[in-house]
1. No solvent, one uniform scatterer per C-alpha: report log10 I(q)/I(0) for region 218-322 via the Debye equation at q = 0.17, 0.20, 0.22 1/Å, two decimals.
2. Give a residue-ordered list of calculated ³J(HN,Hα) values for region 217-234 (Karplus: 6.51 cos²θ - 1.76 cosθ + 1.60, θ = phi - 60°; whole Hz; x for Gly, Pro).
3. For Lys336, go through the lysines and keep the ones whose alpha-carbon is under 22 Å away, minus same-chain ones fewer than eight residues off.
4. Nearest 500 deg cm²/dmol is fine: what mean residue ellipticity at 222 nm does the chain get from its DSSP H runs of n ≥ 4 alone, each adding -39,500 (n - 2.57), divided by its residue count?
5. For the chain, report the accessible area per residue in Å² (1.4 Å probe, heavy atoms, rounded to an integer).
6. Around Phe382, which amide H atoms from residues at least 5 apart in sequence, or from another chain, sit under 5 Å from its own amide H, with H modelled in the peptide plane?
7. Please give the peptides 359-367, 656-664 ranked by average Cβ packing (other Cβ atoms within 10 Å per residue), highest first, as a rough proxy for protection.
8. Please compute the length gained on full extension between Glu54 and Tyr70, using 0.36 nm multiplied by the number of residues separating them and subtracting their Cα-Cα distance.
Amino acid sequence: MVVSTQHQVEIQVGGRSLTFETGLLARQADGAVVVRYGDSMVLVTATASPQPREGADFFPLTCDYEEKMYAAGKIPGGFFKREGRPGESAVLTARLMDRPIRPLFPQGFRNDVQVIATVLSTDQENDPAILAVNGASAALMVSGLPFEGPVGAVRVGLIDGKFVINPTLRQIEEQSRLDLVVAGTADAIIMVEAGAKEVPEEQILAAFDVAHAEIRRIVEIQQRLVEMVGKPRREVALAAPDPALEAAVREAALPLIAQALAQPEKLAREEALRDVQETVAAQLAERSPETFAERAGEVGDLVYALTRAEVRRRILEEGRRPDGRGPTDIRPLTIKVGLLPRAHGSGLFQRGQTQVLTVATLGTGEDEQLLDNLGIIERKRFMHHYYFPPFSVGEVRPLRGPGRREIGHGALAERALAWAIPPEEVFPYTIRLVSEVLESNGSTSMASVCGSTLALMDAGVPIKAAVAGIAMGLVTDASGRAAILTDILGMEDQMGDMDFKVAGTRDGVTALQMDIKIKGLSRELLARALAQAREARLLILERMLEVIPAPRTTLSPYAPRILTIEINPEKIREVIGPGGKVINKITAETGAKIDIEQDGKVHIASVDEQAARRAMQMIEEIVREVRVGEMYLGRVTRLMNFGVFVEVLPGKEGLVHISELADGRVGRVEDVVKVGDELLVKVKEIDNLGRINLTRRGVSKTGAEGEPVGELQLAAPRERAGGPRRRRRGGRGSGGGRPEGAPGAPRRPGGRPGGGRGPASGQGERSGGGAPGA
């Protein structure tokens, strides 16, 4: 019988208790910790294989984040009603766990390590993702694996000018100008992830300081847990090169590597380096077959290590980068818009040999993405998707669904642009951006940000400001020398110490992502990198705005037009009709898409603006209300001994009593009117049962001002967008109504009030597009 001994440590972070507990759950894992913050709980386990993976030339670390819907009291959607493949938010959190712990394993460690975070409970206030990062570190620390942690992580918000540690999900979504996640050790920052609303670099640096102070406290509490329950450090075999082979390869390869690195063009340089590997392997095999034969793989690893050392030496000692640029130079830029004639917007951004084509598509409320996860956001109207096909790097491999890297890069660009997207009230469209990487040589995610801005402006989306991005690199050595590189190449990313992506506008930062391969980064280097990134970003923005200075004032002719009107919510059921009969009829006749909100907003979308206006007119006819004192040009529908029934609006009849048919006496109804006649009538009263009583007394063929009465045309809607948050085909609500029509202003079925008044609802019509002519 196994007796569990529970151990727990606790610390106050952001005014709430953060606890780490071990000993109760998942005891067969090498390390298992439950992290709790409020009512959010995450179980994190760490397990490693006993032996290194045979033939591996990398560290095989896997991090997984499992969103269990029971954690929020939900049942998964879909047919199977069980959790399937990880959603986008789970993939992003798994990457968030991986990035700060990977650099802290020793070089040459080849054992498989798997870290799994399972969300057991979420209060939908405290983000489980932060708990997963802290739990990953704690589980590794107590496991006995050669992990050089601990790592702590916090989220920092900026609300009303003050930094808030671990703000709630609602605060992040509705109040905070900054959503910054920072992870680090007691000595330095290792990983940064952020979205922001034009936050200046100085405030970003101040937020780093606030975050690191809390991280040190979280690291300290994890060390206390290790003292209580930590396992002895496991002895592991680290992969190391054969000294004799290393010396032989160095002697043969260094001159050839220097020649290969003299090639400034990527493909030529890569081909030359492949030739170096093949040449050196052949030379050594010929020189000593019994020693060096069948060791081409090891030779390749050593050639790569020598190449990396030489690239770094040239940058630090000579200030020479692989393509010949200086540390702050940006590669040549090519910028174009409007490349695709049928797309709603398109932008091509090329920086050196990195080329991204972004395409913008505008949709309606029906196109919003529904989210089925543990977050508080249920729908998305702005999406950015990133694709990295194999031909972009001259490779051949099967096409599959988006991988973790593609999901991560797409989310980063989406976060960078989210602040600039106009609200639904201004531009009621669903927006999808697709970034196609056509060539890659470093920093495709930031090229996607630039291409997306171009595509949005080309599509006529009234963005708040243009956004651009740049990737910064770092090379350091043991002596303390450091070089910060602007606009890094793929080789500099692979062989350097940092990949620091910064996106923003002229006035501030909108997104950050930093990953490093060393054990930390000082504040001084962070400040230098941010300042250098700002200079590059402003230059790129200047070049982009030379090509397209502002969003286009009209939408593509192939983009839908959205008209918005407001009706009395009590009339929604009439617009929908029994089983959707009425709204389906309108859609069938006009081809327009119709979205109805519970508060009475009706959004009508069609590529053909006239069709949208026809659908709007049909809806207005349905919801228009009869008013006492107003005149209508109606049609006689029935004759009775006591009077006639007149249809004054579609589906709305009133009675003209025989005594009200004329100013004088009428003997028989048939002497005055017949079925189908048009009569100008005035609403005398509407009784408590809703019955409409009409009169012809004192009514002539002219209106109150002596103007002739005729069929009236629809007034043009005001050009204003209105955007739905939740849409549905029908429902009930409250409120609505419209002001009284002008006394004496006649109406007729299908017509409008006299004098060209506004819509029947009185709330005004709205036209999507956010731009004149849209």
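The values are calculated or read from the model by the stated rules, or taken from the named source; none is laboratory data. Everything quoted here is computed from the prediction, not taken from an experiment. All Cβ positions, even for glycine, are placed from backbone atoms using ideal geometry, and neighbour counts span all protein chains on display. Heavy atoms of the whole protein, side chains included, go into the accessibility calculation; ligands, DNA and RNA do not. Shrake-Rupley method; radii C 1.70, N 1.55, O 1.52, S 1.80 Å.
1. Summing over Cα pairs of region 218-322 leads to -0.78, -0.98, -1.14.
2. Taking θ as phi minus 60°, the curve returns 5, 5, 4, 5, 6, 5, 5, 5, 5, 4, 4, 7, 9, x, 7, x, 4, 6 Hz for region 217-234.
3. Partners found: Lys464.
4. Values: 15 runs with 220 residues, N = 774.
One gets -9500 deg cm²/dmol as the mean residue ellipticity at 222 nm.
5. On the way: 33910 Å² over 774 residues.
Per residue, the chain has 44 Å² of solvent-accessible surface.
6. Amide H to amide H, under 5 Å and 5 or more residues apart or across chains, Phe382 pairs with Ile431.
7. Details: 359-367: 21.6, 656-664: 16.7.
Most protected by this proxy first, the peptides run 359-367, 656-664.
8. 1.9 nm
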